[in-house]
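All remarks here apply to the structure that follows.
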Amino acid sequence: MNFELNGKVALVTGGASGIGEACIRVFHASGAKVVIADLSAEAGAKLAAELGEGAASVQVDVADAASCQGMVDFALQQFGRLDIAVNNAGISTELAPITETSVEDWRKVVGINLDGVFYCLKAEIPAMEKTGGSIVNIASIMGAIARDGAAPYISSKHGVVGLTKTAALECVSKNIRVNAIGPGYVETPLLKKATLEHLDQIASLHPIGRLAQPAEIAAAVAFLASSAASFITGAYYPVDGGYLAR
Ligand SMILES: NC(=O)c1ccc[n+]([C@@H]2O[C@H](COP(=O)([O-])OP(=O)(O)OC[C@H]3O[C@@H](n4cnc5c(N)ncnc54)[C@H](O)[C@@H]3O)[C@@H](O)[C@H]2O)c1
């Protein structure tokens, strides 16, 4: 798939695995220069080496504001501009009711999934001010609905949707569009870690009858990042095989 991103510079947090990796691959194949930003320096460097020219990697912990600023500074130093940012890094935890969820687990998930997007936006928006740009935050179908036993994850993803809408309103005058994607369940390491024995049951919750592949989420991200989506901002797009339509 080619989304005609020649001359653009695209940064993806959590870019070394799963949905983030798929975004990096579609951006690179579409002619953009890419910055793979990930907690795993090793996995990021491996992917950058595989892609070769026009790809660079940087270690980031999105739960740390200074680290997010360093990531954006790196992108500007490396490629001179920032046009596209995908705030994708995220984690889940074992399911537990609120009364059995530890404060540490709450803080860890919210710190990465929600604070992390806030820290990234704080660094990315000024970097895009002169050129304009497109930011895509990866929320979840769990940004629109709830399920029992996942309070930190669901709260963080609802927060990402609200943060996206606020950022979009604040950025219209800067020619920066900000949107969110709500993936259904996607076959990635994150999903396999959390729910290995329930994969068939989870797949059946999607009217389309299967899990998503990372590239199917990345295609929607690349569309929102491209000039084809020039009138779209402040939107939350489920990419969910019909999950939310039930
Ligand atoms: N897989 C799904 O079913 C699914 C569904 C809906 C939404 N999502 C969301 O999509 C995003 C990506 O998920 P995935 O399934 O591709 O996960 P994944 O586990 O395959 O990849 C996540 C990447 O983020 C990196 N990462 C983790 N913590 C980080 C941190 N503090 N700073 C920087 N990088 C960090 C990891 O090293 C990894 O490379 C997450 O925000 C997740 O909540 C996933």
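The values are calculated or read from the model by the stated rules, or taken from the named source; none is laboratory data. Predicted model only: the values in this text are computed from it and were never measured. Please note: Cβ atoms are built from the backbone with ideal geometry, for glycine as well, and neighbour counts cover all protein chains shown.
Looking at the stretch 22-34, is at least one residue farther than 17 Å from VAL117 by Cβ, part of a strand (DSSP E or B), touching a strand residue (DSSP E or B) at 6+ places or on another chain (Cβ under 6 Å) and more than 16 Å from the ligand (Cβ to nearest atom)? Yes, the stretch 22-34 has at least one match.
Residues in the stretch 3-45 that are surrounded by fewer than 17 Cβ atoms within 10 Å (Cβ to Cβ) and over 24 Å from ALA66 (Cα atoms): GLU4, ASN6, GLY7, ALA29, GLY31. Pairs linking a residue in the stretch 122-134 that is under 14 Å from VAL9 (Cα atoms) and assigned to a helix (DSSP H, G or I) to a residue that is of a type in the set (S, T, N, Q) and modelled with pLDDT under 95, with Cβ atoms under 9 Å and 6 or more positions apart or on different chains, do not occur.
Within the stretch 127-169, take every residue that is β-branched (Val, Ile, Thr) and closer than 21 Å to CYS23 by Cα and give me the one that is surrounded by the fewest Cβ atoms within 10 Å (Cβ to Cβ). This residue is VAL161. Any residue at all in the stretch 144-157 that's modelled with pLDDT of 95 or more, closer than 17 Å to LEU224 by Cβ and more than 13 Å from the ligand (Cβ to nearest atom)? No.
Inspect the stretch 70-82 for any residue being outside any helix (DSSP H, G or I), buried (at least 18 other Cβ atoms within 10 Å of the Cβ) and either touching a strand residue (DSSP E or B) at 6+ places or on another chain (Cβ under 8 Å) or of a type in the set (D, E, K, R) (or both) and give the result as yes or no. There is at least one residue in the stretch 70-82 that is outside any helix (DSSP H, G or I), buried (at least 18 other Cβ atoms within 10 Å of the Cβ) and either touching a strand residue (DSSP E or B) at 6+ places or on another chain (Cβ under 8 Å) or of a type in the set (D, E, K, R) (or both). Being touching a residue at least 24 places away in the same chain (Cβ under 8 Å), surrounded by 18 or more Cβ atoms within 10 Å (Cβ to Cβ) and closer than 19 Å to ASN87 by Cα is a description that does not apply to VAL172.
Contact map, the stretch 207-236: residues that are within 18 Å of VAL34 (Cα to Cα) and of a type outside the set (S, T, N, Q) paired with residues that are part of a loop (DSSP other than H, G, I, E, B) and within 14 Å of the ligand (Cβ to nearest atom), Cβ distance under 7 Å, separation 6+ or inter-chain. Pairs shown: PRO214/THR188.
For the stretch 54-69, a residue qualifies if it is more than 13 Å from the ligand (Cβ to nearest atom) and in contact with a strand residue (DSSP E or B) (Cβ under 6 Å, 6 or more places away or on another chain), and the qualifying residues are GLY54, ALA55, ALA56. Looking only at residues of the stretch 175-220 that are among the polar types (S, T, N, Q) and at pLDDT 90 or above, we find that the one that is nearest to the ligand (Cβ to nearest atom) is THR188. LEU169 satisfies every condition listed in (1) under 29 Å from THR99 (Cβ atoms); (2) out of contact with any strand residue (DSSP E or B) (no Cβ under 6 Å at 6 or more places or on another chain) except (1).
Just checking, which of ASP105, ASP115, ASP73 is more than 15 Å from the ligand (Cβ to nearest atom) and at pLDDT 95 or above? Reasoning before the result, please.
Details: ASP105 fails: more than 15 Å from the ligand (Cβ to nearest atom); ASP115 fails: more than 15 Å from the ligand (Cβ to nearest atom).
After ruling out the rest, the residue left standing is ASP73.
Restricting attention to the stretch 8-21, the residues that are over 9 Å from ALA37 (Cβ atoms) and within 8 Å of the ligand (Cβ to nearest atom) total 4.
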